[in-house]
Structure formats: structure tokens, C-alpha cells
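Asker: Below: one structure in C-alpha cells.
The values are calculated or read from the model by the stated rules, or taken from the named source; none is laboratory data. Worth saying up front: this structure is predicted, and the values here are computed from it rather than measured. Please note: Cβ atoms are built from the backbone with ideal geometry, for glycine as well, and neighbour counts cover all protein chains shown. Calculation scope for accessible area: heavy atoms of the full protein, side chains included, ligands and nucleic acids excluded. Shrake-Rupley method; radii C 1.70, N 1.55, O 1.52, S 1.80 Å.
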Amino acid sequence: MSKTKIESREWNSAQYHQLSNPQVSWGKKLLSRLQMRGDELLLDAGCGTGRLTAELLRSLPRGRIVALDLSQKMMSTAREHLALQFGGRVRFVVADLQALPLKRAFDGVVSTAAFHWVPDHDRLFSNLHTILRPSGWLHAQCGGGPNLLKLRQRVNMLIASPQYAKFFASFREPWVFDDPETAAGAMRRAGFVDVEAALEPAPTILDDARQYSEFLTAIVLRAHLHHLPDPRLHARFIAELTEQAAFDSPPFSLDYWRLNLSARAS
Ligand SMILES: C[S@@+](CC[C@H](N)C(=O)[O-])C[C@H]1O[C@@H](n2cnc3c(N)ncnc32)[C@H](O)[C@@H]1O
């Protein structure tokens, strides 16, 4: 695999671990809706650094979790935080959700803030359906609908401007923000039943310019920054967006929308 392709999978996991309070608070909302026996085998699909995997393990006293992620760095940070505390109840797998090697193994799949980073949702849901036991469940939350529309418009203006356009000639947005109907259609095509999909606003206000620029750099625009050749350009690009966000009301706010998904395997 090319160096650029490997880099584009990677995250600054130490920074994500520090900055991901918004993702953790959305994830906790999803976890609070789960009704479990306590002994299930679950997949945390796109587990990141495992902050929510830890919450899930706490509510699953006799159960086990496979924490799966595409990023080696996310996985090693997750291992550091979870292995000692939860021992054999958690296993770590680096894999692509679009190509899962297992069949009919899991009682349930949980996923938070990950599916919009996966390009092919038909393959994603078909893989998730294959790894679930009959009647196994899926509960997920990801970006959807008009997620980050205001920021995306600003970013798209900036990357079309003369100083950046040459770096973004082959660029495509790295996310898939489905609307509920599109996601539900993909889930039904994959074989899921009892499908539910709904959007929820999740506006998020960051503390100040510094936190906003760190959040854009490490999380929201990490894939965009791979297209800029040097760190000075990264800093300038993020600074321009941070200056614009300072004039928003409230300042440093992000127009997040979450897509909540649930279904059962047939
Ligand atoms: C924003 S993080 C969310 C992490 C965690 N679930 C949370 O809520 O904090 C998105 C995660 O999805 C993972 N991811 C993206 N595409 C993936 C894929 N195709 N297969 C597996 N994981 C993927 C990323 O590596 C990243 O760790």
C-alpha cells in the first residue's frame, strides 16, 4: 500500500483522545439506549481510542468486545487504555469495516462517529449484516444529513481559492453524510429488518480559538490537511477558518447533526 494511503488512514490518536469530548457525549447517549443481558459478544465498529469501548465494557459485566479500527495509531492508544483494565474481555483488531473476515459471530454491533468516514455504505452494511448472528442487533450513530454544512461551505470556498486550489485538484470530501432514507435503504438492501434511522441536531461549541483549531486539525479536517505539503500551510489553512469562526454566534461553534441508526439482522 502507498505511503499516502497509509497516512490517510491514520489519526493523531493522542490528540483525539484528549479532544473527543463531543464524540464521547454523543456516544454515551447511544449507549444509554442499549438494552443488554450483560453477557453479549459485541463489535465496537470504528472504536477509535476506546473511550466509549470502556463505557460499553462497564455495562457488560460478563460480556466481551472486539474493538475494531482501521487506524493502527487509534488501536495502539485503545490497547494502552483498555488492555490492563479489562484483560481478556476485550480484543483488538485493525481492519476495514468494508472487508470483514468474520461470519455470524456477534450478538450486536455498536458504532459511534465512524460510519461517515467509510466510503461505501452498501459494503459496510452488508459486512455488518454478515458478521451478526441471526436476530443480532446494530445500534450506531454517525454524521448525517446537513452535518457541518456551514463549515463545509467555508472549507470548499477556501480550497477553491487561488492559494490552495492546486493542492486540491483531485480532492473529494472524505465523508458520506447519508440522509435517513438513504441509510435505511442501504441497511434493508444488506438484509437488516426493523430498520430505524433519524437525524438529530448536535450543535457543539468549543471553548476558544485554540481548541477550535486543534479540533479541526486533529479531527474534522485531518484528511484535508493531507493534501497540503507543509506544516506552515496546515497552520495557515486552519487559522483562516478559525478567524471566520470567531465571528459566528456563538463563536467557535460547529453545526453537527447525528444520524441515529438501529436494526436487526434477518
Ligand atoms: C471520529 S473516530 C470515532 C471513534 C470512536 N468510536 C468515538 O466515538 O470516539 C472515527 C473512527 O473510525 C475509524 N474508521 C474510519 N474508517 C474506517 C473503516 N473503513 N474501517 C474501520 N474503522 C474506520 C477511524 O480510524 C476512527 O478511529
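For every residue, the table says whether it meets (1) open to solvent by 60 Å² or more (accessible area, probe 1.4 Å); (2) at pLDDT below 95; (3) among the acidic types (Asp, Glu).
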{"position": "Ala186", "(1), (2), (3)": "no, no, no"}
{"position": "Ala202", "(1), (2), (3)": "no, no, no"}
{"position": "Ile205", "(1), (2), (3)": "yes, no, no"}
{"position": "Asp208", "(1), (2), (3)": "yes, no, yes"}
{"position": "Leu241", "(1), (2), (3)": "no, no, no"}
{"position": "Asp255", "(1), (2), (3)": "no, no, yes"}
{"position": "Ala263", "(1), (2), (3)": "no, no, no"}
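Asker: Give, as residue ranges, the helices (runs of 4 or more DSSP H) completely inside the range 1-117 that count at least 3 residues that are open to solvent by less than 50 Å² (accessible area, probe 1.4 Å), more than 8 Å from the ligand (Cβ to nearest atom) and not hydroxyl-bearing (Ser, Thr, Tyr). Let's see the steps before the verdict.
Answerer: Details: elements: 3-9, 13-19, 21-32, 51-58, 72-86.
Filter on the range 1-117 gives 21-32, 51-58, 72-86.
Asker: How about the range 118-136: which of its residues are under 14 Å from Met187 (Cα atoms), open to solvent by 10 Å² or more (accessible area, probe 1.4 Å) and within 13 Å of the ligand (Cβ to nearest atom)?
Answerer: Correct list: Asp120, His121, Arg123, Asn127.
Asker: From Val155, Val220, Val193, Val176, grab the single residue that is modelled with pLDDT of 95 or more and open to solvent by 60 Å² or more (accessible area, probe 1.4 Å).
Answerer: On the way: Val155 fails: open to solvent by 60 Å² or more (accessible area, probe 1.4 Å); Val220 fails: open to solvent by 60 Å² or more (accessible area, probe 1.4 Å); Val176 fails: open to solvent by 60 Å² or more (accessible area, probe 1.4 Å).
So the residue among Val155, Val220, Val193, Val176 that is modelled with pLDDT of 95 or more and open to solvent by 60 Å² or more (accessible area, probe 1.4 Å) is Val193.
Asker: Something else about it: Looking at the range 201-266, what helices (runs of 4 or more DSSP H) fall wholly within it and have at least 2 residues that are away from the ligand (no atom under 14 Å from the Cβ) and under 21 Å from the mean Cα position of the chain (by Cα)?
Answerer: 209-215, 222-225
Asker: Mind telling me which of the residues Gln141, Gln85 ends up being of a type outside the set (Asp, Glu) and within 23 Å of Leu254 (Cβ to Cβ)?
Answerer: Gln141 is the lone residue from the list that is of a type outside the set (Asp, Glu) and within 23 Å of Leu254 (Cβ to Cβ).
Asker: In addition: Do the conditions hold for Leu148, that is, is it over 27 Å from Met36 (Cβ atoms), open to solvent by less than 10 Å² (accessible area, probe 1.4 Å) and modelled with pLDDT of 95 or more?
Answerer: Yes.
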